[in-house]
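Written out below as structure tokens is the structure these notes cover.
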Amino acid sequence: MTGKERVLGVSKMVMSRNAGTGIRINNHRIRHNKAILTRKQIYVIIFLLLLFIGTSLGYVWSAFERTQIGYDLSKLQTKKLELIELNRKLRLELAVLKSPQNLEKIASQKLGLKQPSPEQLIVLP
């Protein structure tokens with residue numbers, strides 16, 4: 001055996017197993033496997049991120065719209081109550097204006113009308 005072959009044999013033996021104990025010894029540094037992503041995986045990750053961002057924005061927008069609709073509904077209910085009250089007042093005023101006492105008062109004071117005399121009355125059959 002030449003010196004070179006012997007060194008290679010010993011080196012091979014040390015790399016494979018310890019000569020005395022038979023335990024495999026590996027004194028090499030631990031290699032860390034780096035995660036290498038393929039183009040397809042990157043596209044899938046980007047798509048999932050965009051999908052997540054889109055659904056998040058959709059949820060926030062719908063919550064905002066729900067709040068705005070609640071405010072609008074509250075304003076409309078207040079306006080409805082105001083209109084109901086105005087309608088009640090207008091009906092009351094209409095009833096007062098249609099009353100026979102009020103009509104007689106307006107006819108005599110503002111229009112100058114008076115009760116007809118018995119000769120002016122015509123009875124229809």
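Data for the structure
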| read-out | value |
| --- | --- |
| Residue-wise HN-Hα coupling along segment 90-107, computed from phi with Karplus coefficients 6.51, -1.76, 1.60 (Hz; x: Gly, Pro) | 5, 5, 5, 5, 5, 5, 5, 5, 7, 5, x, 5, 5, 4, 5, 5, 5, 5 |
| Extension reserve of the Leu73-Leu94 stretch, reckoned as 0.36 nm per residue once the Cα distance is removed | 4.5 nm |
| Fully extended contour minus Cα-Cα distance, from Ser62 to Ser117, at 0.36 nm per residue | 12.2 nm |
| Whole-Hz ³J(HN,Hα) from phi, Karplus 6.51 cos²θ - 1.76 cosθ + 1.60, for segment 108-125, glycine and proline x | 7, 7, 8, 9, x, 7, 9, 5, x, 7, x, 6, 7, 7, 10, 9, 8, x |
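Laboratory data are not the source of any read-out in this text; all were calculated from the coordinates shown. Since we're looking at a predicted model, the values are computed, not measured.
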